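Here the structure comes first, spelled out in structure tokens, and everything after it is commentary.
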Amino acid sequence: MRTAAGSRRHGVGFWMIAFAFLVAMAFSTVPTPLYPLYMARDGFSTFMVTIVFAVYAVGVVISLLLAGHVSDWVGRKKILLPALALEVLAAVLFLTGSSLPVLLVARLVTGLGVGMITATATAHLHELHVAHRPGASGQRFEVVSTAANIGGLGVGPLITGFLAQYVHAPLRTPYLVFIALLLVSIVALARTPETVEERLVKPAYRPQRISTDHGDRSGYIAATAAGFASFAVFGLFTSIAPGFVASALHHPSRALAGATVFAVFGAAALAQTLASRLSARAKMVLGLVAQAGGVLALVAGMYATDLAAFLIGGVVAGIGAGVLFKAAVGTVVAMAAPAKRGEALAGLFLISYLGLIIPAVGIGVATRSVTATTAMTWFTGVLLVVLAGVAALSRSHRSR
């Protein structure tokens, strides 16, 4: 029987891991409001910014495939500690220079660390919650893990935007602050109980397998397409939206750029939490409608050069993306066999992170020939087609 002291240690550890998870995800979006500064100082184009961003997403995908499942064998802390160390290394690289090769390497290292952290920290949080409150509802775990993950992505630009706007050395100070926070996170993690006993005989290593053979194929494809569409919106706001606000909408404030990204991710995290009790079908419908309406309002704001309309569209699109992704995860978990659940979720995350890469790079390429507003119009058209496909496949899945 677990002692009261042991239970308290797991309870404290739960909040320590939540803090470390939040800091790591926040650090991954630190450069977002700084991209316009890099563009102005070093002559980067929007296209190059999207390449820098895409390298980060590639790092996440590689890490998910190669290391996302290894903590099941060796323990959570043995993956989380080196992952946080990679984030510290990335911050140091950002401090050493702002040339394009350095930025590319720093973003790749960031992505490798985040890919190791996302699934592992989520699993660690769940296990600490169960150990601290056996038999209790999982609602606390769901709310905290969502806030740390999606909310953290919004907190990073918010902190960085205000530091870059009001503190000296905007391209250095945010990284110094997050190095300190990451080091505190490492200390906190080291004092957290382990929840997985390392296997003495480990299975033969293999990369995470990806398959669509999980119950109803059309339902699984619909879920992965929903993940792709959701992350396309997230990718837009963590790569090139600050540049749009500064150039197309003529609002160069770095604090505003950070607050814009925070509003989108904050809305997504809050909507995911509030939608917990909705049925899977209601989540899917709400996500599809909100995301479609949001991107249309966002583009309308760009044509009218209306910041308020752009922000409202971004928040509504963030709500839709958050709820739609939650519905996608719920669909995959429900349809996959327990022995293949990790494999099914790995496939969902892989396709979702491709949604971070492909649309953002596509917009970056398009802006070399057309205006940002025209590129966003094309993006919206393609996204609406994807959302319509998700709706059709989901309807087919329900009918079966």
### Query
Can you spot a residue in region 264-280 that is open to solvent by less than 40 Å² (accessible area, probe 1.4 Å), under 15 Å from the mean Cα position of the chain (by Cα), of a type in the set (A, V, I, L, M) and more than 24 Å from residue 394 (Cα to Cα)?
yes
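Would you call residue 57 in a helix (DSSP H, G or I) and free of Cβ contacts under 8 Å to residues at least 12 places away in the same chain? Let's see the steps before the verdict.
Values: in a helix (DSSP H, G or I): yes; free of Cβ contacts under 8 Å to residues at least 12 places away in the same chain: no.
The answer is no for residue 57.
Look through region 35-46, keep the residues that are surrounded by fewer than 18 Cβ atoms within 10 Å (Cβ to Cβ) and in a loop (DSSP other than H, G, I, E, B), and return whichever of them is farthest from the chain's Cα centre (by Cα).
Our first condition is that a residue be surrounded by fewer than 18 Cβ atoms within 10 Å (Cβ to Cβ); within region 35-46, this holds for 40-43, 45.
If we keep only those that are in a loop (DSSP other than H, G, I, E, B) too, we end up with 43, 45.
On the way: 43: 28, 45: 24 Å.
By that ranking, first place goes to 43.
How many of the residues in region 243-261 are within 21 Å of residue 22 (Cβ to Cβ) and surrounded by 24 or more Cβ atoms within 10 Å (Cβ to Cβ)?
Adding up the residues that qualify gives 4.
Please verify whether residue 128 is within 20 Å of residue 44 (Cα to Cα), open to solvent by less than 30 Å² (accessible area, probe 1.4 Å) and among the aliphatic types (A, V, I, L, M), treating the condition exactly as stated.
Values: within 20 Å of residue 44 (Cα to Cα): no; open to solvent by less than 30 Å² (accessible area, probe 1.4 Å): yes; among the aliphatic types (A, V, I, L, M): yes.
It is false that residue 128 is within 20 Å of residue 44 (Cα to Cα), open to solvent by less than 30 Å² (accessible area, probe 1.4 Å) and among the aliphatic types (A, V, I, L, M).
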#### Entry: Qualifying residue in region 276-299 (condition: among the β-branched types (Val, Ile, Thr), part of a helix (DSSP H, G or I) and within 15 Å of residue 150 (Cβ to Cβ))
no
### Query
How many of the residues in region 121-160 are farther than 21 Å from residue 81 by Cβ and either assigned to a loop (DSSP other than H, G, I, E, B) or among the hydroxyl-bearing types (Ser, Thr, Tyr) (or both)?
8
#### Entry: Residues located in region 156-170, provided they are hydrophobic (A, V, I, L, M, F, W, C) and crowded, with 16+ Cβ neighbours inside 10 Å
158, 159, 162, 163, 164
### Task
With the condition kept exactly as written, say whether any residue in region 16-34 is more than 20 Å from residue 153 (Cα to Cα) and either of a type in the set (Phe, Trp, Tyr) or open to solvent by less than 20 Å² (accessible area, probe 1.4 Å) (or both).
no
### Query
Pairs under 7 Å by beta carbon, first residue under 13 Å from residue 17 (Cβ atoms) in region 108-125, partner of a type in the set (Lys, Arg) and modelled with pLDDT of 85 or more, six or more apart or different chains?
120/76; 123/76; 124/76
### Query
Do you know which residues across region 281-311 are under 20 Å from the mean Cα position of the chain (by Cα) and basic (Lys, Arg)?
283
### Message
Taking the criterion of being assigned to a helix (DSSP H, G or I), open to solvent by 20 Å² or more (accessible area, probe 1.4 Å) and at pLDDT 90 or above, would at least one residue in region 316-329 satisfy it?
### Response
yes
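Listed residues 92, 49, 74, 105; which is surrounded by fewer than 23 Cβ atoms within 10 Å (Cβ to Cβ), at pLDDT below 90 and among the β-branched types (Val, Ile, Thr)?
Answer to the selection: 74.
The values are calculated or read from the model by the stated rules, or taken from the named source; none is laboratory data. Here the structure is a predicted model, which means the values were calculated and not measured. We place every Cβ from the backbone using ideal geometry, glycine too, and count neighbours over all the protein chains shown. The area values use the complete protein model at the heavy-atom level, side chains included, leaving out ligands, DNA and RNA. Shrake-Rupley method; radii C 1.70, N 1.55, O 1.52, S 1.80 Å.
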